[in-house]
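Comments concern the structure below.
Laboratory data are not the source of any read-out in this text; all were calculated from the coordinates shown. Just so we're clear, the structure is a prediction, and the values are computed from it rather than from any experiment. Counting neighbours? That spans all protein chains shown, and the Cβs are built from the backbone with ideal geometry, glycine included.
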Amino acid sequence: MSQITQTQPLDVPTAIAQRRSIKTFKSDPITPELLKQLVELTVAAPSSYNIQDWQIILVQDEAQKAALSAASWNQQQIVQAPVTFVFAANTKAGEQDLTPILEQGLQTGAWNEKTVDYFKTAIPQFQATLGDKQREYAIKDAIIAATHLVLAAESLGLSTCFMNGWIEEKVKEVIGAVDNPDLAIAVLVPVGYAAEPRLNPGRLPFSYNVSVDRIGNPYQA
Ligand SMILES: Cc1cc2nc3c(=O)[nH]c(=O)nc-3n(C[C@H](O)[C@H](O)[C@H](O)COP(=O)(O)O)c2cc1C
């Protein structure tokens, strides 16, 4: 059964308000054009120094989906949805050759020679000072990209589920990264057409977790 294509993307506030974590998906495919648009909007996300230290694996093959689901406590969203985005993070990206990133910045005119020269030393230096926080910083970038995906998908008529329930080493086995200690798994996001709606489980009043100036000084809207 083919999907009725949503002609108008939802605006951002509507997509945010409407999004739910979907637990059951139809098997309906996502068109290659729509998938490409999702990937483009995902990698439009910002990252520290524009380092783009995510590695995104689109798991579509049926056997790969089954293996990924097995690595995720048999959560069925991954088997049902036509594609699951695995967001991995390269914890050593800042120590790699940054030339493609720096050249692109120059070409677009966003960065001048002085900025690029500064970044050549500042980025590796910053990475070195992070020490054991390198993993945390890389995961931040990957999670921001995943959030772009989730909201873009909602806007374009698709549904998603952020997923943290998996065993990292097993996920790495599935994606072929078991020998790469510098790759961290950040989050999994199945994407597809929802098989059933879900209700919003609700959010706490602002008084629980939104403060002004100092924690504990409640924000009173
Ligand atoms: C980082 C993260 C990890 C999550 N992991 C899972 C998961 O493994 N399986 C699942 O079914 N839902 C998972 N969820 C979905 C949450 O249960 C859901 O976001 C929460 O109940 C709020 O519901 P809503 O997303 O519909 O607003 C996860 C959500 C986040 C943000």
At 7 Å along Cα-to-Cβ for each site, give me the label-to-label distance between residue 11 and residue 164 in nm.
3.2 nm
By how many degrees, between 0 and 90 and to the nearest 10, does the Cα long axis of helix 134-155 differ from the longest principal axis of the chain?
40 degrees
Which ordering of 41, 106 is given by a fewest-first count of other beta-carbon atoms within 10 Å?
106, 41
Residue 63-residue 37 FRET efficiency (beta carbon distance; Förster radius 30 Å; 0.05 resolution):
0.65
Under 17 Å from the residue 118 label point (7 Å along Cα→beta-carbon), backbone N, region 46-61
48-51
Which pairs break 19 Å Cα to Cα here: 23/170; 65/170; 65/140; 92/172; 23/65?
23/170; 65/140
Net length gained if the chain between residue 74 and residue 178 were fully extended (0.36 nm per residue, minus Cα distance)
35.4 nm
Cβ-derived FRET efficiency at R0 35 Å, residue 26 paired with residue 200, nearest 0.05:
0.95
Taking springs between alpha-carbon atoms closer than 10 angstrom, which of 105, 202, 131 fluctuates most in the Gaussian network model of the chain?
202
With each run of n ≥ 4 DSSP H residues scored as -39500 (n - 2.57), what mean residue ellipticity at 222 nm is computed for the chain after dividing by its residue count and rounding to the nearest 500 deg cm²/dmol?
-12500 deg cm²/dmol
Please return the longest stretch of the chain lacking exposed loop sites, where chymotrypsin sites (Phe, Trp or Tyr not before Pro) count only if DSSP places them in a loop and at most 12 other Cβ atoms lie within 10 Å.
74-218
